[in-house]
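Report on the following structure.
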Amino acid sequence: MAKEGNISILVVTHNHGDFIQKLLNSLTRFNIKNVYFCDAKSSDNTAEILLNSSYSNSVLIKKKLEGFSKNNNDLIRHFNLKTKYFLLLNPDTYFEMDFIDILYKTMQNNPKIAITTPLLKYPDGRLQKTWKHFPNFINVFKKRLGILKALDESQMQGPEIDWCLGACMLISDKLLKENECLLDERYRLYCEDIDICFEAHNKGFKIIAVSDAIVFHHLNETSSKNIFSKYNFWNIKSIIKFTIKWNVKYYRILRSKKD
């Protein structure tokens, strides 16, 4: 099965004018097709850059600021995407290798894999801790207070991991919901990545981290910089929604990993 035509790449932007051109350059360099952009009511020049790029015919411009999950799902709905895989890719990423091909081949080799993710690095080459253990409430509390930073977290070794950051993850259509949506729209921002990873585990699938694939990412940790920000508020709301949604099932998996 050829890669082309089997992957839809979904990128949601909001005031990413300082970053988006670098991603566009990477996509163009490796002749990456089937890339779809949702601009979520940017007030800078992001939309202008996208509409003047070679991907101008695959840009959805939003006049209303909506959640990350809904914006990704709207791309699937608006462009009627029916591919076997969907790549969530942050607009503040860029790459110097065809990492998508590596993730794709990994997925193809094992039908039990539902999500693959690359190694993410800061632009200066430092490792980002994005291959994660399922969190406990102590660490969640520390992160919301700004005590625990992403650099301080432990990185799972892989290749099998609990969950990965949604900045870059290739997802199988096995995780599409009945309404053909990929992500749970009850999350405005945050937790949609751990939610779909947990769903994959709950259905008996694997999350695989691929160390040979490398993507660079400008990680801002917006919600932990100011504990009174709207981003931190959204994060806490998402954590509560996640806990209510999965409750006993989540704690059973946490307990099984300790045994």
Query - Options L50, L60, L27: the member that is within 21 Å of D101 (Cα to Cα) and modelled with pLDDT of 95 or more - result: L27
**Report entry** Selection count where residues are of a type in the set (A, V, I, L, M) and part of a loop (DSSP other than H, G, I, E, B), scope region 172-196
**Finding:** 4
Requested in this report: Mind listing just one residue for me: the one in region 100-129 that is touching a helix residue (DSSP H, G or I) at 6+ places or on another chain (Cβ under 7 Å) and assigned to a loop (DSSP other than H, G, I, E, B) and, of those, nearest to G158 (Cα to Cα)?
Outcome: K129
Query - Residues of region 45-77 satisfying the condition of being farther than 11 Å from T13 by Cβ, charged (D, E, K, R) and not in a loop (DSSP other than H, G, I, E, B) - result: E48, K70, D74, R77
Report task. Please determine, by comparing only the residues of region 134-170 that are touching a His at 6+ places or on another chain (Cβ under 9 Å) and of a type in the set (D, E), which one is modelled with the lowest pLDDT. Result -> E153
Query - When residues of region 54-81 are limited to those that are touching a strand residue (DSSP E or B) at 6+ places or on another chain (Cβ under 8 Å) and among the hydroxyl-bearing types (S, T, Y), the one farthest from Q21 (Cα to Cα) - result: S58
Report task. Would you be able to say whether some residue in region 78-97 is more than 19 Å from E160 (Cβ to Cβ), in a helix (DSSP H, G or I) and touching a residue at least 12 places away in the same chain (Cβ under 8 Å)? Result -> yes
Query raised in the report: Across region 1-18, which residue is surrounded by the most Cβ atoms within 10 Å (Cβ to Cβ) among those that are assigned to a loop (DSSP other than H, G, I, E, B) and hydrophobic (A, V, I, L, M, F, W, C)?
Result: M1
Query - Within region 19-53, considering residues that are in contact with a His (Cβ under 9 Å, 6 or more places away or on another chain) and among the acidic types (D, E), the one surrounded by the most Cβ atoms within 10 Å (Cβ to Cβ) - result: D39
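The values are calculated or read from the model by the stated rules, or taken from the named source; none is laboratory data. All values derive from a computational prediction rather than experimental measurement. Quick reminder, even Gly has a Cβ in these numbers, built from the backbone with ideal geometry, and neighbours come from all protein chains shown.
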